[in-house]
1. When you check Asp336 against the structure, is it surrounded by fewer than 24 Cβ atoms within 10 Å (Cβ to Cβ), under 21 Å from the mean Cα position of the chain (by Cα) and touching a residue at least 60 places away in the same chain (Cβ under 8 Å), yes or no?
2. When you check Lys267 against the structure, is it under 24 Å from the mean Cα position of the chain (by Cα), farther than 26 Å from Leu66 by Cβ and modelled with pLDDT under 95, yes or no?
3. One residue is enough: does segment 55-75 have a residue meeting the conditions within 29 Å of Asn210 (Cα to Cα), in contact with a strand residue (DSSP E or B) (Cβ under 6 Å, 6 or more places away or on another chain) and acidic (Asp, Glu)?
4. Can you find, within segment 58-94, the residue that is least open to solvent (accessible area, probe 1.4 Å) among those that are among the charged types (D, E, K, R) and under 25 Å from Leu21 (Cα atoms)?
5. Where in segment 95-191 are the strands (runs of 3 or more DSSP E), entirely inside, with at least 3 residues that are among the β-branched types (Val, Ile, Thr) and open to solvent by less than 40 Å² (accessible area, probe 1.4 Å)?
6. Among what's in segment 285-327 and is among the polar types (S, T, N, Q) and out of contact with any strand residue (DSSP E or B) (no Cβ under 6 Å at 6 or more places or on another chain), pick the residue that is most open to solvent (accessible area, probe 1.4 Å).
7. Considering only residues of segment 210-230 that are within 19 Å of the chain's Cα centre (by Cα) and open to solvent by 10 Å² or more (accessible area, probe 1.4 Å), which is nearest to Asn354 (Cα to Cα)?
8. Being out of contact with any Gly (no Cβ under 9 Å at 6 or more places or on another chain) and over 30 Å from Ala18 (Cα atoms) is true for just one of Gly148, Gly204. Which residue is that?
Amino acid sequence: MTKKFLIAGAGIAGLTLAKALQDLGFEYEIFEASAEARGIGAGFGLASNAMKAFEILGLADEVAPLGHMLEDFEIQDWQEKTILKADTNRLRKNYNNENFAIHRADLHRYLISKIDSTRIHTSKRIKFFEQSFQKVILHFEDGTTTEGDFLIAADGINSIIRQQLLKNSTPRYAGYVCWRAIVEDKSYFSKKSIETWGPNGRFGLTPLINNQIYWYACVNTPLKSEVYNYTLQDIKNQFKDYSGQIRNTLQKTKQEDIITTPIMDIKPISNYTFNRVLLMGDAAHATTPNMGQGACMAVEDVCVLYDELIKNETDILRAFEGYNHRRLKRTHYIIDTSRLAGKVAQWDNKFLMNVRNFVFRKLPQSITQSPLEDLLEEDFMKI
């Protein structure tokens with residue numbers, strides 16, 4: 001009898017997993033807490049490692065046209081002087097794939113088109129789960145229940161399932177707020193993602209397809225401070241001394257398109273599998289966005305589990321253990337390194353900023369690129 005997987009969450013991890021399970025001939029049902037299964041957010045990066053995962057899953061050729069190819073990532077100061085450049089070319093060569101920026105909604109729609117959408121059940125907010133030696137039962141807030149053979153928690157950083165398993169594993173604040181939006185700008189032609197570090201915060205510009213720019217801005221502030229109520233005009237004032245392209249992008253932004261979120265992650269946990277329950281994506285290893293690897297790690301997760309299920313199709317629990325063994329070290333590294341990178345990037349003391357920028361400019365590339373070593377050198381499929 002075909003095994004049935006219950007998937008909590010219709011985000012990138014959950015939908016990509018559904019396609020993988022479908023290809024392997026497993027049954028699945030997806031349960032989404034929101035009233036609609038859609039991509040919430042703006043843009044994000046699909047680096048070469050994520051595109052390699054999509055290639056293994058047979059999706060890369062169709063995902064690539066949805067994204068804008070990026071040839072370079074550069075960090076500048078607020079006077080537009082280069083601080084450092086990331087070695088994206090090395091990452092690209094290692095995985096034999098390009099780096100892309102993509103609109104979250106576009107990828108979400110595409111993934112839904114690749115699966116049986118009737119298996120997505122919306123407005124199904126999980127209350128708790130039970131598991132025995134034979135099955136898993138999900139209990140929803142609407143009073144209904146459902147059961148399956150296995151449960152995949154892909155329900156994000158605030159995962160109800162993870163917090164039932166690990167009561168102390170709750171989101172932790174990184175110390176800064178982030179605004180995001182996408183604007184149309186037909187005059188902007190670039191294959192470079194630029195991040196500006198300055199005394200009034202950090203500002204990123206990334207080109208997307210269809211003459212769009214994804215921008216984000218991060219400012220240090222206590223959680224739930226008045227900064228979370230900033231209007232578009234307040235944000236313009238915050239970055240009025242930054243580059244003309246930043247000011248121009250903000251001028252084209254509409255207030256209603258801005259998404260405001262606190263930057264959060266979860267402290268690395270020691271296990272992603274709990275008998276018939278497995279954690280995936282942000283539910284397992286939510287990270288700050290400073291390395292651009294949040295969605296990438298989720299797609300890698302699916303690819304590794306897919307590989308384990310092929311090897312152990314009659315022993316799913318063994319496949320879960322293999323996934324757990326292969327994913328812990330890599331994802332812990334991303335969480336820790338990304339959090340540290342954010343702290344350094346968010347320095348707003350001018351003296352410390354000048355020292356940081358001077359040091360980064362003088363250090364050899366082998367040292368400045370060291371935070372990317374695990375991404376550059378390790379093939380996630382061989383771990």
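1. Numbers: surrounded by fewer than 24 Cβ atoms within 10 Å (Cβ to Cβ): yes; under 21 Å from the mean Cα position of the chain (by Cα): yes; touching a residue at least 60 places away in the same chain (Cβ under 8 Å): yes.
Here the answer is yes, as Asp336 does meet what is asked.
2. Values: under 24 Å from the mean Cα position of the chain (by Cα): yes; farther than 26 Å from Leu66 by Cβ: yes; modelled with pLDDT under 95: no.
No; evaluated as a whole, the condition is false for this residue.
3. yes
4. At the first step, the residues of segment 58-94 found to be among the charged types (D, E, K, R) are 61-62, 71-72, 74, 77, 80-81, 85, 87, 90, 92-93.
Then keep just the ones that are under 25 Å from Leu21 (Cα atoms); that gives 61-62.
Numbers: Asp61: 141, Glu62: 87 Å².
If we take residues in segment 58-94 being among the charged types (D, E, K, R) and under 25 Å from Leu21 (Cα atoms), then Glu62 is least open to solvent (accessible area, probe 1.4 Å).
5. Per the criteria, 172-184.
6. We begin by selecting, within segment 285-327, every residue among the polar types (S, T, N, Q); these are 287-288, 290, 293, 312, 314, 324.
Keeping just the survivors that are out of contact with any strand residue (DSSP E or B) (no Cβ under 6 Å at 6 or more places or on another chain) gives 290, 293, 312, 314.
Numbers: Asn290: 37, Gln293: 4, Asn312: 23, Thr314: 136 Å².
Within segment 285-327, the match that is most open to solvent (accessible area, probe 1.4 Å) is Thr314.
7. Initially, segment 210-230 is screened for residues within 19 Å of the chain's Cα centre (by Cα), giving 213-218.
Filter once more, so that each one left must be open to solvent by 10 Å² or more (accessible area, probe 1.4 Å): 214, 216.
Values: Tyr214: 27, Tyr216: 23 Å.
Selected residue: Tyr216.
8. On the way: Gly148 fails: over 30 Å from Ala18 (Cα atoms).
Unique residue meeting the criteria: Gly204.
The values are calculated or read from the model by the stated rules, or taken from the named source; none is laboratory data. Note that this is a predicted model, so its numbers are computed, not measured. Cβ sites come from the backbone with ideal geometry, for glycine too, and all protein chains shown count toward neighbours. The accessibility values were calculated without ligands, DNA or RNA, using every heavy atom of the protein model including side chains. Shrake-Rupley method; radii C 1.70, N 1.55, O 1.52, S 1.80 Å.
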